[in-house]
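Derivation of every value follows stated rules applied to the coordinates shown; laboratory data play no part. These figures come from a predicted structure and were not determined experimentally.
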């Protein structure tokens, strides 16, 4: 009997107490000897090591599977596409925010290089006005701008009238035909008023100082004049070169427009004046017309071998100064005032709260930057910044 009862109790026992080792019935929740819970996992070193080993095995298996997946071409393609998408989104976000910030307050400001100029808009912008921009373009200014800002595109727009003039360039700017204009003289009160009537403002930015060269046909027999004599020629008071010590030959003034005479304070050109549509045509007419004489910015006529640049002196003076030395503009004389005929050059901006305004400010800031002034100097003008 005792053995039978012992066997029966043994068969019912299926839970061993982790604390005292007593065998307990399978239905027991606690050890009937020490009352330790029979449902908790044993807290021993063997169990802990086993549990951590399971974690390590799981992590290792996952890592091996991940590496195996990365060896598939499709996986790498996905990674590349994802990285490209992130990069494009980032660039778009940065450029969008930069454009919004840069185009907030256009203003005149000097920079060291063209690449540092801010507020440069994107688009196609037209310019026109005074022809003295041509040497700047020839020296590579617009190419440098295109390299720095390929989306800031520029084009020259010719006037609809047959003759070029500063007034026509300002009219085109006021009427919205161009984004900014080169001007060889200060704006007039009438031009400011015309812009105001259109609901816009005009701002002129000085960009250079230039000498005005008086040049003649090489056969006139005169090499130097004082300014009072030059004024008399274009006003019609002197009509033959022999009055100036030259040959017996009628004087033939040649101009782009009567505006060229403003630097001489001549109000009206003589009736014998001939006109040409552009600077190239003026040069050709002076070269091909006996007795011809004209005037232009030094940057436009430098290194012209077939014309005769005249040395100039102040009115009623014999202290003649050459406009060119070894084919280069006499910039020192232009700068210190010993050469008697100089003028400032301007870029005129249309202030109208459109991208034309930002384009004008951007081009002005490019011109007055240290690098931009280098192109001004190469073109034969005097830097002022």
Prolate/oblate/rounded label for the stretch 295-385 (Cα gyration tensor, a/c 1.5): prolate
The stretch 210-342: C-alpha gyration tensor shape, a/c 1.5 cut-off, then a/b vs b/c: rounded
